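Derivation of every value follows stated rules applied to the coordinates shown; laboratory data play no part. None of these values were measured; they are calculated from a predicted model. Counting neighbours? That spans all protein chains shown, and the Cβs are built from the backbone with ideal geometry, glycine included.
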Amino acid sequence: MKLGNGFQRFFERVKSIWNSSDESFLQRVITFWKTGKIQKISRITYDVTWNIILYFLIIGLIGIFFVGGIGAGYFASLVKDEPIRTYAEMEEDIYNYSETSKLFFSDNVYLGDVRADLHREETTLDKISPQLIQAVIATEDEYFKEHQGIVPKAILRAIFQEITNSSMQSGGSTLTQQLIKNQILTNEVSFERKAKEILLALRLERFFDKDEILEAYLNIIPYGRDAAGRNIAGVQTAAQGIFGIDADEVNLAQAAYLAGLPQSPSYYTPFTPYGELKDEEGIQPGIDRMKTVLARMLELEYITKEEYDEAIEYDIVSDFTEAKESPIDSYPYLTFELEERAKEILRVVLAKEDGYSEKDLENDEDLYEEYDILAEWALRNNGYEIHSTIDKEIYDKFQEVARNYEYYGPDRTIVVTDEETGEKVEKPNPVQVGAELIENATGRIIAFVGGRGANEEEYYNHATQAKRPIGSTIKPLIDYAPAMELGVVQPGTPILDTNESFQYPGMPKPWNPGNYSGAHYGIVSAREALAKSHNVPAAKVYMQIINENPAKNYLEKMGITTLTEEDYYIPSLSLGAVTEGITIEENTNAFATFANGGKFVDAYMIEKITTKDGEVVYEHKPEPVEVFSPQTAYLTIDMLRDVLRYGTATYIPTQLKYRNVDWAGKTGTSQDWKDALFVGFNPNVSIGVWMGYDTPASLHTPGALTYSQRVNRLWAELVNAATDINPELMAPAERFQMPEGIVSRSYCAISGMLPSDLCAEAGLVKTDLFNAKFVPTKKDDSLVRGSLVMVDGKAVLAGPNTPKEFVEGDGLMFNPEFLKRMGYDKLGDLSKLFPRGEREKWEKIAFPSGDYSSSTGVKDDGKAPNSPTSVNVSGNQITWKKPGNKDIVGYRIYGAADADGKFAKIGSTTDQSYRISGKYNAFYVTAVDYFGMESGPSKIVTVKSAKQQNDTAEKDKEKETKKKPQKQKGDKKQKQNDQKQNGSEGNNENEETPDEQGEDEENGT
């Protein structure tokens, strides 16, 4: 109060002085100053004012220190758990951004990116347009070049906005802070995360220069979606994905557009999740944001007004790249397959880096799962370059051929339960296909056909994943090649194909395999049995070696991985009956063993995996496994050549454009025709094709092509297509080279032993190739000489009552000791030995008597045979027809001077004609059976004039004509019965029933 009064008196005094008229104002001031009152009042005022200011300063400072201390303490509490990071740790963190791995065809041809949640391609600052860099700085951090990681006023502003819950959020993060948030911390909204972000940003700026920070930021920031609908990050990926150009090629408008995207990538991006361009309304926010960026660049003088105006008017929409197919869209089967194989490789690589072996992973389920997850993450995020063996041109052509193939057969439907409604609905079940082409020497998978999938759910790979029965394609792998390796058979080895049952320890009941046609083929060579795919010989061969565990010692070594414990001892494995099935890849790969001289080379699809810098993470190294000797491999090849020459695949050569290639191969069909296969190989490559329904059903349908021809034709079309592209690979001029140790030898087709004179006399000496180690050394003893008689066209040992006049002395006969040694004595009917192809030669060989007589089929009915019919004389020749009896061994001819004269026997014969002498004019003929009984005389015929002979012949002809229709009918029926019994091999387009086409197949069930 005193202070206020003092001021009032002071101002009143000054006013009075100012208003005084008898002194000048200056003099009055001076006079008043000299009184000392002004100084006194000023000093008092100053002291009071300063004390007040000082008081508030002290209080303010105390408050500031108090608040600062609290803030510092709070800040310290927020970051107390954050470790102090070294330069190396921070370097690893900020550069540890995920980068999309890339897939390549062979010869470094780019295929596409691995599927990932976020696609990113790393780049360097010198490969980014300067205008794009300026646009980013102008938009995100205008003080980037000056600050030390943070901008305090921006932080205070952001804190104030947070405290006041202001709707105007200006943000407070520098580029450095954003880098920390994305690479080290999280997107969590909290004071703790913000405090750590500030601390780490300050530390990051100490370790790294501005260019390093900016480059890392431009590689990690998200940019929405690209023209394939993928989420993208990194400025290079954005430039490519949105404009189809590199980051150093963008113009000003494009740079501004890209720089504006990170603020709200999903909102500003021009593309939908499906890769489609948004409508005008959806695109406009991104364009508005671009204009905002351009305005900031103009404000900061990064661009001129002219550049700004030009960019504002630029038609950015016209630059958006067209929608692109992802690798999944273009190469679904291949992309999925390469990703899966790469993950399998990386799982082992990562485990080995940590000291674990591949066996450790196999034996520890938890460890396997752990590294499976790590491998999956590494594949999606580590930016690997995965180089495959797939030839792009051949692969593309394979897909085209399979897509356009016209002979798959009809689609079927199956009834399934809808998972959502529980109702029964029909689902398409088309014929599917799997095929694979492998280079023999290296194991490189050159191309494959995964199937006929139309959407992602249908991309089940029928070449690499589908485990199906492989039918008779297993026969060379598990039966004949192992048996030849063990010296049990050779190509010419005779094998009896007849009805037979097999029993093996552990089998609940005997196994009785049958041939595809239902018929049996007698004694055939191993070569013919394989070429024509007879089942019984294959089963017999396998049963001879089953105790040698061929599944373990041969099939497994050829890369077959799906055998179960049961498969190792069931005899039906010999015919392709496997519990789980075998993939077409493993099947084809196994056949390549023969082409490699008996060495198995595992097929592979990934050549190498490298980092983006070229460091090799994995590289395939072939490890051949010896399975067969070169001699066994070549003999198997030579036998499989016959499959195409005269066996079950004779249709294939008619479809090949390149005819002089040395192909070998094997057909296969599962039970009930549910699977059809062909695997073929030449000196360079092996290619296998499978057809079938995913839900198994019969492939047999009426049509121009049989099911076997359909798969064989597709095989040929794939071969033709690949050969057109690479004839050097697919159509080598050289043939399979015969190794040393292979010799050509003659043998007896009855026994397989060295030929005897008797075997040569029977015309049954054959010649074939042998492994020199297993050439026969003993001479054939299957035949002996004996007194024979022909009964119904068959040679039979003469019986005690058989008239001697019809017996052929010293004829050929089966050796009883040989028959007993081979077990043939138990056949009951020795005619089962006779092969189909040369039956007439074998029928001239007699059966032994005694215990074997019943096997001849000659039974004594106690009756004399019927008289011959149609007896006729023409010139000096008398002819007749055989009566219907089956036991006739010959005929006796009787003559007389005339029809009323006394007849006497003038000769005998086993034929149905006889040359007469001139002194007889009347004749008749009788038939004599095996047991010596003679028929009554035939009608009497006399020598007549030519006219009489002609008249008689015409009458006889008329009689025969009346009987003919009935006889023809009987002949036709007999012919049909014969065909039914005989069946047929190969691929006959005119055959109509399954039993009369294709090959012998059996699934063993």
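Counting pairs of Cα atoms in the stretch 236-291, how many percent are more than 13 Å apart? The share of Cα pairs beyond 13 Å in the stretch 236-291 comes to 57 percent. Using a cutoff of 8 angstrom between alpha carbon atoms and counting only pairs six or more residues apart, the relative contact order for the stretch 490-626 works out to 17 percent. For the residue pairs 324/467; 102/352; 509/886, the alpha carbons lie more than 28 Å apart in 324/467; 509/886. A simple packing score, the average count of other Cβ atoms within 10 Å per residue, orders the peptides 548-556, 584-592 as 584-592, 548-556, with the highest score first.
Compare the peptides 864-872, 515-523 by average per-residue count of other Cβ atoms within 10 angstrom and give them in order, highest first.
Answer by packing, highest mean first, reads 515-523, 864-872.
Positive end of the dipole of the stretch 438-730, charges at C-beta (+1 Lys, Arg; -1 Asp, Glu), about the Cα centre: which of 517, 441, 574 has its Cα farthest in that direction? The residue sitting most towards the positive pole is 517.
Quick check for me: using +1 on Lys/Arg Cβ and -1 on Asp/Glu Cβ, what's the dipole size of the stretch 438-730 about its Cα centre, in debye to the nearest 20? Please list the in-between numbers first.
On the way: 23 positive and 33 negative charges, 181 e Å.
So the magnitude is around 860 debye.
Kirkwood-type hydrodynamic radius, the stretch 783-850: 12.3 Å, calculated from all non-identical alpha-carbon pairs.
Coupling constants for the stretch 351-357 follow from the phi torsions by the Karplus curve (6.51 cos²θ - 1.76 cosθ + 1.60, θ = phi - 60°), and in residue order they are 5, 5, 4, 9, x, 9, 9 Hz; glycine and proline get x.
In the stretch 568-673, which trypsin sites (Lys or Arg not before Pro) fall in coil by DSSP and have 15 or fewer other Cβ atoms within 10 Å? Provide the component values of the computation, followed by the final result.
Working: sites: 599, 608, 612, 641, 645, 657, 659, 666; in loops: 612, 657, 659.
The qualifying sites are 612, 657, 659.
Altogether, the Stokes-Einstein calculation at 25 °C and 0.890 mPa s, with the Kirkwood radius of the stretch 554-633 over Cα pairs as Rh, returns a diffusion coefficient of 169 µm²/s.
The translational diffusion coefficient of the stretch 375-459, from Stokes-Einstein at 4 °C and 1.567 mPa s with a Kirkwood hydrodynamic radius over alpha carbon pairs, comes to 79 µm²/s. Taking Lys and Arg as +1 and Asp and Glu as -1, the other residues whose beta-carbon sits under 11 Å from that of residue 412 total -2.
Less than 5 angstrom separates the built amide H of residue 811 from those of 786, 787, 788, all sequence-distant by 5 or more or on a different chain. Between the residues 764, 718, 833, the greatest Cα displacement towards the positive end of the dipole of the stretch 712-861, with unit charges on the Cβ of Lys, Arg, Asp and Glu, is found for 833.
Descending by average beta-carbon neighbour count within 10 Å, the peptides 368-381, 210-223 line up as 210-223, 368-381, the highest first. Counting only other residues whose beta carbon sits under 14 Å from that of residue 294, what net charge do I get with K and R as +1, D and E as -1? My count for the surroundings of residue 294 gives -4.
Each Lys or Arg adds one and each Asp or Glu subtracts one; over the other residues with Cβ under 11 Å from the Cβ of residue 231, this totals +1. Once the C-beta distance of residue 919 and residue 831 is scaled by a Förster radius of 60 Å, the resulting FRET efficiency is 0.85 to the nearest 0.05.
Once every Cα of the stretch 524-667 carries one equal point scatterer and solvent is ignored, give the base-10 log of I(q)/I(0) from the Debye formula at q = 0.14, 0.18, 0.19 Å⁻¹, two decimals. So the normalised log intensities work out to -0.79, -1.18, -1.28. Applying the Karplus relation 6.51 cos²θ - 1.76 cosθ + 1.60 with θ = phi - 60° to the stretch 802-811 yields 3J(HN,Hα) values of 5, x, 4, 5, 9, 8, 9, x, 6, x Hz, where x marks Gly and Pro.
Around the amide H of residue 249, modelled in the peptide plane, lie the amide H atoms of 129, all under 5 Å away and 5 or more residues distant in sequence or on another chain. Calculated FRET efficiency, residue 301 to residue 325, Cβ-Cβ distance, R0 = 35 Å: about 0.20 to the nearest 0.05. Using C-alpha pairs below 8 Å separated by at least 6 residues, the relative contact order for the stretch 406-520 is 12 percent. Label positions at residue 909 and residue 426, each projected 7 Å from the Cα along the C-beta direction, are separated by 7.1 nm.
Rounded to whole Å, the principal axis extents of the Cα atoms in the stretch 722-796 read 66, 34, 13, largest first. Dividing the radius of gyration of the alpha carbons in the stretch 335-410 by their Kirkwood radius gives 1.19 for Rg/Rh.
Taking only C-alpha pairs under 8 Å that are 6+ residues apart, what is the relative contact order of the stretch 646-792 in percent?
18 percent
On the beta carbon distance between residue 309 and residue 279, with R0 = 22 Å, the FRET formula returns roughly 0.20.
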